[in-house]
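Heads up: the structure comes next, in structure tokens.
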Amino acid sequence: MDFNVKKLASDAGVFFTRAVQFTEEKLGQAEKTELDAHLENLVARGDCTKNWTEKIFRQTEVLLQPNPIDSTGARIEEFFYEKLDKKIPLRTTNAELLGQHMLDAAKDFGPGTPYGSTLTTVGEYQKKLGGAEREFLQTSAINFLTPLRNFLEGDWRTISKERRLLENRRLDLDVCKARVKKAKLQEAKAACEGDAAPDFQETRPRNYVLSASASAWSRDFAESDSDSERKLWSEELDKSEHELRVAQTEFDRQAEVTRLLLEGISSTHVNHLRCLHEFVEAQAAYYAQCHLYMQELQKELRSANGDSVPNAFAVSPSSSGALAGPSGLSSSSLPGASPPPRPPVSPGGRESGTLKIEEVQPPATGTRKAKVLYDYDAADTSELSLLADELITVYTVPGMDPDWLVGERGNQKGKVPVTYLELLS
């Protein structure tokens with residue numbers, strides 16, 4: 001092992017000198033060279049970019065994989081694959097696992113039974129949802145997470161390294177400035193002391209034999225000592241000024257390198273903006289695909305189970321408001337939406353026999369406003385025809401089929417299907 005003691009001692013000396021300069025600056029005992037305003041703004045902008053990029057990156061990871069330390073150790077496993085530079089294997093999503101459990105349960109319950117066949121249908125669609133989720137996770141990781149990670153682990157590390165080097169160059173520059181200032185003071189002090197050299201003829205008793213030789217000796221010694229000291233400080237000043245020029249050149253060069261790297265943050269913002277658009281597009285495609293799958297699933301369940309379980313998918317008065325989509329959008333405004341099938345009426349129901357609509361009176365409490373989602377044509381005189389987006393008053397009466405409500409619009413009154421309404425209050 002080549003152990004260079006001189007280099008080690010030199011590096012230790014430089015480190016100690018910088019530490020002293022840094023401490024004196026913090027205590028207000030030394031001057032500090034300030035960066036120009038443009039570079040200071042670039043540094044502040046770079047720090048802001050790094051901090052928010054890191055927060056967005058971490059929170060996006062949480063969004064895409066909310067349980068980093070679960071029974072599967074998903075994110076820990078990905079960490080080791082990344083460090084080993086190996087391809088991360090495809091992992092089954094939770095929706096796919098749920099779908100597989102449903103399919104396995106359907107085999108035990110019997111695929112020919114209503115429950116078993118429904119489990120089979122829902123399980124298949126759960127696996128489709130899981131596949132869409134996996135594709136969304138992969139797309140988001142490639143188009144959004146990877147560029148953010150590359151910035152934090154690549155570009156920003158380079159910028160941080162150059163900034164630390166710039167700070168060291170600044171400390172060296174301030175140390176050289178302090179040395180030059182000290183050398184100038186000492187040189188001026190030596191010059192003043194040389195001009196005010198003591199006169200032995202004035203401070204000692206007069207002896208005309210000895211005074212002449214003493215005076216000549218003291219004058220020659222004082223002049224020789226003063227000249228030597230002034231020469232030493234002059235050489236020290238020249239050396240310090242040379243070191244200052246070198247330190248100033250290195251500082252200016254490093255400041256320019258750091259400035260160019262920090263100005264590259266603008267192109268980083270442009271790149272991250274493009275990645276953000278791609279992330280939003282991936283989200284929109286994922287949720288649209290999930291919505292399409294759920295619509296298809298609802299249609300299959302209605303067609304398969306509508307006859308055997310007539311009320312299984314009907315919306316009760318207390319929950320029919322859930323038919324409204326997110327942000328107050330009704331299901332009628334969603335793309336591809338179609339009116340639900342007409343609710344069946346039990347032949348022995350009260351409304352077909354003893355209930356007479358014209359005799360029904362609204363209750364004192366319990367009436368609600370409802371928005372009509374789809375056009376509806378009355379099948380007989382006991383029903384009320386509806387137009388999409390109109391508002392009506394609805395209520396129920398004891399013994400009435402839960403798939404129906406009594407609706408009123410002005411002087412008109414009649415039965416209306418619950419699945420065609422969105423309850424507002």
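When only Cα pairs below 8 angstrom with a gap of at least 6 residues are kept, segment 367-424 shows a relative contact order of 39 percent.
Solvent exposure of segment 367-424 amounts to 44 Å² per residue of accessible area, where only protein heavy atoms count and the probe is 1.4 Å. Cross-link pairs exceeding 19 Å in C-alpha to C-alpha distance, out of 299/415; 161/181; 184/239; 128/299; 26/161, comprise 299/415; 161/181; 26/161. Per-residue 3J(HN,Hα) values for segment 270-282, derived from phi via the Karplus relation 6.51 cos²θ - 1.76 cosθ + 1.60 with θ = phi - 60°, read 4, 5, 5, 4, 4, 5, 5, 4, 5, 5, 5, 4, 5 Hz in sequence order (x marks Gly and Pro). Each 5 Å bin from 0 upward holds the following percent of the Cα-Cα pairs of segment 367-424: 5, 21, 36, 27, 10, 1.
Out of the total accessible area of segment 367-424 (probe 1.4 Å, heavy atoms of protein only), what percent is carbon and sulfur? Carbon and sulfur atoms account for 50 percent of the accessible area of segment 367-424.
The values are calculated or read from the model by the stated rules, or taken from the named source; none is laboratory data. Keep in mind the model is a prediction, meaning the values are calculated, not measured. All accessible areas refer to the heavy atoms of the entire protein, side chains included, with ligands and DNA or RNA removed. Shrake-Rupley method; radii C 1.70, N 1.55, O 1.52, S 1.80 Å.
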